[in-house]
Amino acid sequence: MRDEFPTVAYVRPRYSREEAVARARAFLDEALLRRTVRDFSPDPIPDEVLTLALAAAAAAPSGANMQPWKFVLVRDPAIKHRIRLAAEEEEKENYAGRMPEEWLRALAPLQTDWRKEFLETAPALIVVLKEDYGLGAGGARVTHYYVNESVGIACGFLLAALNAAGLATLTHTPSPMGFLREILDRPRNEKPFLLIPVGYPAEGCRVPDIRKKSLGEVVVLR
Ligand code: IYR
């Protein structure tokens, strides 16, 4: 019985107070450098960085360790082109009436519109899909738990890893994004969750002058 669910010893070095603070600060400094970028350089990015960042994403915790995610790495220009055309079709309708006025007003500072040139310019797109259920042997359904939370956390790991390597990302959510399943030829149990263009910012790239809330606004101590 005891061997049925084996465990392994888990030991991590305990950093000194100074070292812990320095590491936390270094991570914060990196995190503060991250900005969502919509103007990408077509310069290629190292495959190894993408692989390592995807491995970091796949290391994320998940409900019952079901790892209910897939990451499709798209670099083929023809596929990027198809994705751009399909996303723009949807976004045209969004901006021309599907999004309510309040939403459009909230987006105004971000200066977005239906045009999604970045879907072709960025050297890589990572399409994150969530598996609402798994497919076991013979196609049997395997229940997955806390799928949105799990995949959201994996995306956080992915964005942080790419950012740490000096790459820019865009958390793009074309809506609806069912077209991605078709273009990428993915099975029924996989639903597009987030589309992440990855690359270097274009020369002269500008981003909106926006602020993060202060810690006092978002942290509550009891
Ligand atoms: N998906 C649309 C609209 C959009 C929505 C939010 I919320 C944003 O923070 C940014 C854009 C688009 O990609 O343009």
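The values are calculated or read from the model by the stated rules, or taken from the named source; none is laboratory data. It should be emphasised that the depicted structure is a prediction, and the values quoted were computed from it without experimental measurement. Every residue, glycine among them, receives a Cβ derived from its backbone with ideal geometry; neighbour counts consider all protein chains shown.
Of all residues in the stretch 170-222, which are polar (S, T, N, Q) and in contact with a Ser or Thr (Cβ under 7 Å, 6 or more places away or on another chain)? Write out each step before concluding.
Pass one, the stretch 170-222, residues polar (S, T, N, Q): 171, 173, 175, 189, 214.
Within the stretch 170-222, just T171 meets the criteria.
Looking at P42, is it exposed (fewer than 15 other Cβ atoms within 10 Å of the Cβ), out of contact with any Pro (no Cβ under 8 Å at 6 or more places or on another chain) and modelled with pLDDT of 95 or more?
The answer is no for P42.
Are any residues in the stretch 167-222 under 21 Å from A87 (Cα atoms) and small (G, A, S), and if so, which ones?
Selection gives A168, S175, G178, G199.
Please find, within the stretch 112-130, the residue that is surrounded by the most Cβ atoms within 10 Å (Cβ to Cβ) out of those that are among the charged types (D, E, K, R) and touching a Phe, Trp or Tyr at 6+ places or on another chain (Cβ under 7 Å).
So the first thing to find is which residues in the stretch 112-130 are among the charged types (D, E, K, R), and the list is 113, 115-117, 120, 130.
Now narrow it down to the ones that are touching a Phe, Trp or Tyr at 6+ places or on another chain (Cβ under 7 Å): 113, 130.
Working: D113: 12, K130: 21.
Ranking the qualifying residues of the stretch 112-130, first place goes to K130.
So which of P109, P77 is exposed (fewer than 15 other Cβ atoms within 10 Å of the Cβ), touching a residue at least 24 places away in the same chain (Cβ under 8 Å), within 12 Å of the ligand (Cβ to nearest atom) and farther than 13 Å from M177 by Cα?
Numbers: P77 fails: within 12 Å of the ligand (Cβ to nearest atom).
Exactly one of P109, P77 is exposed (fewer than 15 other Cβ atoms within 10 Å of the Cβ), touching a residue at least 24 places away in the same chain (Cβ under 8 Å), within 12 Å of the ligand (Cβ to nearest atom) and farther than 13 Å from M177 by Cα, namely P109.
I need the full set of residues from the stretch 8-34 which are within 18 Å of I196 (Cβ to Cβ) and loosely packed, with under 15 Cβ neighbours inside 10 Å, in order please.
Start the filter on the stretch 8-34 by keeping residues that are within 18 Å of I196 (Cβ to Cβ), which leaves 30-31, 33-34.
Hits for the stretch 8-34 are E30, A31, L33.
Can you report the number of residues in the stretch 181-209 which are in a loop (DSSP other than H, G, I, E, B) and either within 22 Å of G134 (Cβ to Cβ) or out of contact with any helix residue (DSSP H, G or I) (no Cβ under 6 Å at 6 or more places or on another chain) (or both)?
Of the residues in the stretch 181-209, the ones in a loop (DSSP other than H, G, I, E, B) are 185-189, 200, 202-209.
Filter again for either within 22 Å of G134 (Cβ to Cβ) or out of contact with any helix residue (DSSP H, G or I) (no Cβ under 6 Å at 6 or more places or on another chain) (or both), leaving 185-189, 200, 202-207, 209.
Result for the stretch 181-209: 13.
Mind listing whichever residues of the stretch 108-124 are at pLDDT 95 or above and touching a Pro at 6+ places or on another chain (Cβ under 8 Å)?
Across the stretch 108-124, the qualifying residues are K116, F118, L119, E120, T121, A122, P123, A124.
Scan the stretch 173-207 residue by residue and report those that are within 16 Å of the ligand (Cβ to nearest atom) and modelled with pLDDT under 95.
Selection gives T173, P174, S175, P176, M177, G178.
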